[in-house]
Amino acid sequence: MILKLWKKIPSGIICLLIVTALFGYMGAKMGAAQMLNTVMKTAHDLLLNTCFYLMAICVLTGAIGKIFVEFGVVDLLEKLLRPLMKPLFNLPGVASLGAVMTFLSDNPAIITLSRDKRFSSYFKKYQFISLTNFGTAFGMGLIVIIFMIGQGYFAEPLIGLFGAFCGCIVSTRLMQRFILKSYPQYATEEADAGAGGQDTLVQAQEHEMPKSLFVRILNSLLDGGRGGVDIGLAIIPGVLIISTLVMMLTFGPSAEGSYTGSAYEGTALLPYLAGKVDFLFKWLFGFSDPHQIAFPITALGAVGAALSLVPNFATHGWIDGNAVAVFTAIGMCWSGFLSTHTAMLDSLGYRELTSKAILSHTIGGLAAAIVAHLVFMLFSLI
C-alpha cells in the first residue's frame, strides 16, 4: 500500500524532499553559512590540488598507452593474455585486447571495440554482452596504480591489481550466468555489432606515407596526451560533486571542535554509520578505520573521485597498506560502474540487462576487495 502511494508522488517532489533533507541535516549541524563555505572551499581545493594532479597522471599515462599501441606493446600483451581468456573468463582470446585498452584508458574503450565487426564476430551473444562487466573491471587501471605508487606504495597496488583480476572473473562469469538464465538462446546466437559496425581493428595503411621513428614517437606522445586531457576533464565533475559530498559526510569539525567554514569539514555521518557495522568491514576487507568505507562508496560513482579521498586519508593517518591494496582492487573493479553501465549496455542494445550487470559487478567488486585483503595478509607474513 505504501509502495503504491510512493509511486504516485511526482518525482520532482521526491527530489526536493531528498535535497532538503540532505542539506537541511548538514546545515542544521554545521550552520548554513559554514556549510556553504565548506562546500565551495572543498570543491576549490579539490579542483586545484586533486583534479589537476589526476589530469597530469592521465596525460602521462595516455601518452604511455599511445606509445604502447604504436609500437606493438598492446599486441604483445594481447597475445600473452589470450590463452587466459577462455578458461578464466569464458571469452574468446581476442577479448584480451579489450582488457588492455580499458586498463590503459577507461571503461568506454570496450564499447569502441565492440562496434568493430571483426571483433564482435568472435563472440556468442551472451559473451558479447558480458564485455560490459569484463571491460569495466580494468577501467583506468593504469591511472589508479600509478596514483597509488605516487602515494608511496608499491607492492600494495599490484596486490590490488590481482584482486581486481579475480573480481573481474566473478563479475563476468556471473553476468554470463544471468544472461543465459534469462535468454538461453543467446548461448548459440552469434553477436551482431549492428549496421553501424565497421572494420577498424586493423586499419589499412598502404596509402599512408612512411613516418620516421621520431615522428611516430612525437605523434604518439601528443595524441595520447591529448586523450589524457579529455579523461582528466571528464573526471572533474565527479570529483567536485561526489567527493565534496562524500567528504562532508566523512570528515568532522575542525580541530577545535567547531565549524569554521574551512575546507574538509563535515558531519562525520559515514564513519558513524560504518562504526555500527565495523566488525563486518574488518572481517571482509580488513579496514582499520571506519572512515575507509568512504572510498568504495565513492568508487561506485567515479573512481577519480574516490582517488581524491586518499591524500586526505593519508594526512589524517586513516589508511595503511591493506587499505591501499583493497582500494586499488575495488577502485579498479568498480571504477564508477554505476555511472557507466547503463550507457554502455544501452550503446550495445541490451538496456534491459542493466540490473543484472550492476548486480554482477557489485558482487565482483566485493570479491576483488576480499581477495586483495587476503593476499595482503599473506604478503605481510613474508
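Within the same chain, lysines fewer than 8 places from residue 86 are excluded, and of the rest, those with a Cα less than 19 Å from its Cα are 124, 125. Helix 337-348 and the longest principal axis of the Cα set of the chain meet at an angle near 30°. Which residue, 20, 102, 260, tops the fluctuation ranking in a GNM of the chain built on C-alpha contacts under 10 Å? Per the Cα network of the chain with a 10 Å cutoff, 20 tops the list. When GluC sites (Glu not before Pro) are flagged only if DSSP places them in a loop and at most 11 other Cβ atoms lie within 10 Å, the longest unflagged stretch of the chain comes out as 1-205. Sorting 11-18, 362-369 by their mean Cβ neighbour count within 10 Å, with the most densely packed peptide first, gives 362-369, 11-18.
Scanning residues 5 or more positions from residue 106 or on other chains, those with amide H under 5 Å from its amide H are 140, with H placed 1.01 Å from N in the peptide plane. So what's the net charge close to residue 222: Lys and Arg +1, Asp and Glu -1, counting the other residues with Cβ under 15 Å from its Cβ? For residues surrounding residue 222, the net value is +1. Estimated purely from DSSP H runs of n ≥ 4, each contributing -39500 (n - 2.57), the mean residue ellipticity at 222 nm for the chain is -21500 deg cm²/dmol once divided by its residues. Taking every alpha-carbon pair under 8 Å whose residues sit at least 6 apart, the chain reaches a relative contact order of 25 percent.
Residues in region 66-75 carry Karplus couplings, in order, of 5, 4, 4, 5, 5, 9, x, 5, 4, 4 Hz; the curve used is 6.51 cos²θ - 1.76 cosθ + 1.60 with θ = phi - 60°, and Gly or Pro positions show x.
Among 353, 158, 22, the largest mean-square fluctuation in a Gaussian network model of the chain, built with springs joining Cα atoms closer than 10 Å, belongs to 22. Classify region 42-184 as rounded, prolate or oblate from the Cα gyration tensor: take a ≥ b ≥ c as the square roots of its eigenvalues, call it rounded if a/c is under 1.5, otherwise prolate when a/b beats b/c and oblate if not. Here region 42-184 falls in the prolate category. I'd like the orientation of helix 95-104 relative to the chain: the angle between its Cα long axis and the longest Cα principal axis, in ° from 0 to 90, rounded to 10. So the inclination is approximately 40 degrees.
Would the chain count as rounded, prolate or oblate if I go by the C-alpha gyration tensor, calling it rounded below 1.5 in a/c and otherwise prolate when a/b exceeds b/c, oblate otherwise? In terms of gyration-tensor shape, prolate.
Here residue 377 and residue 297 are evaluated by their C-beta separation; at R0 = 25 Å the FRET efficiency comes out at 0.60.
Rounded to 0.05, the FRET efficiency of the residue 44 and residue 188 pair, given R0 = 51 Å and the Cβ-Cβ distance, is 0.35. Which Cα, out of 296, 272, 359, lies furthest along the positive dipole direction of region 233-382 (beta carbon charges, K/R +1, D/E -1)? So the residue furthest toward the plus end is 359. Round to the nearest 10 and give me the degree value, 0 to 90, for the angle of helix 32-46's Cα axis relative to the longest principal axis of the chain. For helix 32-46, the angle is close to 30 degrees. Considering Cα pairs under 8 angstrom that are at least six residues apart, work out the relative contact order of region 133-177 and quote it in whole percent. Computed value for region 133-177: 59 percent relative contact order. A simple rule links phi to the HN-Hα coupling: the Karplus curve 6.51 cos²θ - 1.76 cosθ + 1.60 with θ = phi - 60°, which for region 265-272 gives 9, x, 9, 6, 6, 4, x, 4 Hz, with x for Gly and Pro. For the chain, set up a GNM with springs between Cα atoms under 10 Å and report which of 34, 292, 185 has the largest fluctuation. It is 185. A simple spin-label model places pseudo-atoms 7 Å from Cα toward Cβ; at residue 212 and residue 262 they are separated by 5.6 nm. Taking all Cα pairs closer than 8 Å and separated by 6 or more residues, the relative contact order of region 213-287 comes to 21 percent.
Label region 247-316 by shape, choosing from rounded, prolate and oblate, from the square roots a ≥ b ≥ c of the eigenvalues of the Cα gyration tensor; if a/c is under 1.5 it is rounded, and otherwise prolate applies when a/b is larger than b/c, oblate when it is not. Cα axes put region 247-316 in the oblate bin.
No lab work stands behind these numbers, since they all come straight from the coordinates. Not measured: the values here are computed from a predicted model. Note that we place each Cβ from the backbone using ideal geometry, even for glycine, and neighbour counts take in every protein chain shown.
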